[in-house]
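A.B. asks: Would you mind keeping the following structure in view while I ask a few things?
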Amino acid sequence: MSLSAVSAAQQASTSWHSKPAEEVLAALESGSSGLSAGEAEARKALFGPNRLPVSAKQSALWRFLLQFHNVLIYVLLGAAVLATAIGHITDAAVILAVVILNAIIGFVQEGRAERALEAIRSMIDPHASVMRDGHRTVVPAEDIVPGDIVLLEPGDRVPADLRLFRARNLRIDEAALTGESLPVEKDMRPLPADSPLGDRRSMAFSGTLVTTGGGSGVTVATGATSELGRISTLVGTVETLTTPLLRQMSRFARLLTAVILAICAAVFLYAVYVQGYEWPEAFMVVIGLAVSAIPEGLPAVMTITLAIGVQRMAPATPSSGGFPPSRPSVRCR
């Protein structure tokens, strides 16, 4: 077996759907009996595991510090600093306690939301049925390599991009990849090379779901080289955009902060120059006014609300804190 030849064929061709199944099997040096265990290990060492690249996670410390990244929190922290500067340590401590408590609540809820997302990802079947050494066997999905013969049955999640060479009433739900609302009927016939992704009926794509029938296919792309992997790579290159909700909340926070500061400045000037208050006393009144007017719990409430939404979408697992299966996650009224 020439691994270099298999690698060249796997990297050069993006139109496996247009080639006869026999030609694809020959190009990948595979057959209906599948690869041997030794071949599979060698190809895994060459092509890497069949999994999508995982972006680096933010550290727990950084996620905690981001809880303070809000205009309203900045004003409260500024008020605490000014209160300390004029000797009102107790007032400053109370303000800081409120800010830190809100940050802790937001941090904990974000952690729960992340665990819920992991639970959603775990819904994808981590195993697949393949032919190895002429025998059907179940292997972890990340061990699938180009040239592997994958067997598909109803309920299976397709573990990699496959060129089908056997299909019996096979229908696959490709909504996650193409947006097609109905399962697509598959067959083995070669198609024109310029066929759109949604029309490539001789292919089964990674991440899609087998709804009916059965079939077999030879793996032509895994991990980042699969169609799902290409989409993941493209998404990773897109600039992160702020959601409309966060943009609206940011505008609201800036406007509210400006109004509160303007009112506090007016009250301070009135107290000092009209009513004759000493400026430290007037200043503490203004700080109290600002602290009472600022909704310091708003960032935490937003985080909790969004996190609960994520948890409701997650399956019921101890780690995700999801609801029991008997209780629907979404209720229509």
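A.B. asks: Classify segment 118-211 from the C-alpha gyration tensor, please: rounded if a/c falls under 1.5, else prolate or oblate depending on whether a/b exceeds b/c. Before the final figure, lay out the partial values.
C.D. replies: Working: a/c = 1.84, a/b = 1.20, b/c = 1.53.
The shape class here is oblate.
A.B. asks: Sort 256-269, 282-295 by packing, meaning the average of other beta carbons within 10 Å per residue, with the highest value first.
C.D. replies: Numbers: 256-269: 14.4, 282-295: 17.6.
Highest mean packing first, the order is 282-295, 256-269.
A.B. asks: For segment 182-228, what class follows from the C-alpha gyration tensor (a ≥ b ≥ c being the square roots of its eigenvalues): rounded when a/c is under 1.5, otherwise prolate if a/b is larger than b/c, else oblate? Working shown, then result.
C.D. replies: Numbers: a/c = 1.43, a/b = 1.06, b/c = 1.35.
The shape class here is rounded.
A.B. asks: Heavy atoms only, probe 1.4 Å: what % of the accessible area of segment 136-283 goes to carbon and sulfur, would you let me know?
C.D. replies: 60
A.B. asks: Then there is this: Among rounded, prolate and oblate, which fits segment 250-295 when a ≥ b ≥ c are the square roots of the eigenvalues of its C-alpha gyration tensor, a/c under 1.5 means rounded, and a/b larger than b/c means prolate?
C.D. replies: Prolate is the answer for segment 250-295, as a/c is 1.5 or above and a/b outweighs b/c.
A.B. asks: Using only protein heavy atoms and a 1.4 Å probe, report how much of Glu110 is accessible, in Å² to the nearest 10.
C.D. replies: The value for Glu110 is about 70 Å².
The values are calculated or read from the model by the stated rules, or taken from the named source; none is laboratory data. Just so it is clear, the model here is predicted, and its values are computed rather than measured. So basically every Cβ, Gly included, is an ideal-geometry build from the backbone, and we count neighbours across all protein chains shown. These accessible areas exclude ligands, DNA and RNA; they are computed on the full protein's heavy atoms, side chains included. Shrake-Rupley method; radii C 1.70, N 1.55, O 1.52, S 1.80 Å.
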